[in-house]
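A short write-up of the structure that comes next.
Any read-out appearing in this document is the output of simple, stated calculations on the displayed coordinates, not a laboratory observation. Given the structure is predicted, the values throughout are model-derived calculations rather than measurements. Virtual Cβ from ideal backbone geometry, glycine too; neighbours counted across all protein chains shown.
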Amino acid sequence: MAHFAYKLIPPRPSFFADQTEQEQAVMADHVGYWTGLLAAGTAVVFGPVLDPAGVWGLGVVEAEDEAALATIAANDPVVKAGVGTIETYPMPGAIVRPAPPG
């Protein structure tokens, strides 16, 4: 398995403060999608990054390869709706903490 950084760049710097109702619905679906990826063990972490230049989203995923990552992105409600831009980056040599015992 490989790790990848997944960056959601919103359509405007103020996006997280002034979303339309339609954008809010898409973002709710996006959070639900990523929550499912987290529950399935595909997503390691996800959430907004409070960059002073403008908030953006970050996810770290574990996937077989870039083709699997492309499938994850293609099924993201944000991508389907055309809300924002997605960039992905491989993380070779990512150091990941072991799963907690239990």
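Dipole magnitude for segment 2-90: computed about the Cα centre from +1 point charges on Lys and Arg Cβ and -1 point charges on Asp and Glu Cβ, it is near 120 debye.
For ALA25 and VAL49, FRET efficiency with R0 = 25 Å and r from the beta-carbon atoms, rounded to 0.05?
Working: r = 22 Å, r/R0 = 0.88.
Using R0 = 25 Å, I get an efficiency of 0.70.
Only beta bridges with both residues in the chain are counted; by DSSP, about 100 percent of them are antiparallel.
Considering only THR20, THR88, THR42, the mean-square fluctuation computed in a Gaussian network model of the chain, springs between alpha carbons under 10 angstrom, is largest for THR20.
Per DSSP helix of 4 or more residues, -39500 (n - 2.57); summed, then divided by the residues of the chain. What does that give at 222 nm, rounded to the nearest 500?
Values: 3 runs with 33 residues, N = 102.
Helix-only estimate at 222 nm: -10000 deg cm²/dmol.
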